[in-house]
1. Report, for the chain, the % of DSSP beta bridges that are antiparallel, rounded to 5.
2. Given a 1.4 Å probe and every protein chain left where it sits, what share in percent of the accessible area of the chain is carbon and sulfur?
3. Using the basic label-point model (7 angstrom from Cα toward the beta carbon), what is the Ser55 to Lys76 distance in nanometres?
4. If you add up the charges near Ala50, with Lys and Arg at +1 and Asp and Glu at -1, over every other residue whose beta carbon is less than 11 angstrom from its beta carbon, what do you get?
5. Could you sort 78-86, 23-31 so that the peptide with the highest average Cβ count within 10 Å comes first and the rest follow in order?
6. Roughly what angle does helix 64-73 make with the longest principal axis of the chain, taking Cα atoms, 0 to 90 degrees, to the nearest 10?
7. To the nearest 20 Debye, how big is the dipole of the chain about its Cα centre, given +1 on the beta carbon of each Lys and Arg and -1 on that of each Asp and Glu?
8. With a ≥ b ≥ c taken as the square roots of the eigenvalues of the C-alpha gyration tensor of the chain, please select rounded if a/c is under 1.5 and otherwise prolate if a/b is larger than b/c or oblate if it is not?
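The values are calculated or read from the model by the stated rules, or taken from the named source; none is laboratory data. Source: prediction; values computed, not measured. For neighbour counting, all protein chains shown are included, and Cβ atoms are generated from backbone atoms with ideal geometry for every residue, glycine included. Side chains are part of the model used for accessible areas, which takes the heavy atoms of the whole protein and leaves out ligands, DNA and RNA. Shrake-Rupley method; radii C 1.70, N 1.55, O 1.52, S 1.80 Å.
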Amino acid sequence: MKMNPMGRTGVMVSELCLGTMTFGTQTSESEGRAQMDCALGNGINFVDTAEMYPSPSSRETYGISEKILGKWLKQKDRQAVVLATKAAGPGTFVPWIRGG
């Protein structure tokens, strides 16, 4: 896997990044775990998540992708994975996240 420097941080990330925006809805927890195992096993160390995943976001599913990722990560070498995450900004379209 080709690795690239993340800016000037000294952190090296894989050229490919595994997105988790469907984990918990379109992608079951077991399928997500299998995808993360496959990615890590093939040199992908870069994983994208966000507090409002899975997408489309809803009150019922909010945060499920991060929970699946967190449970998986507890069983892995945390230093082997670089997480890219995002916090949702204010908006009436997500009133369940910190009151909109």
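1. Roughly 30 percent of the DSSP beta bridges within the chain come out antiparallel.
2. 57
3. Each label point lies 7 Å from its Cα, and together they span 2.0 nm.
4. -2
5. Per-residue mean Cβ counts within 10 Å order the peptides as 23-31, 78-86.
6. Taking the Cα atoms of the chain, the angle to 64-73 is about 30 degrees.
7. 280
8. Taking the square roots of the gyration eigenvalues as a ≥ b ≥ c, the chain is oblate.
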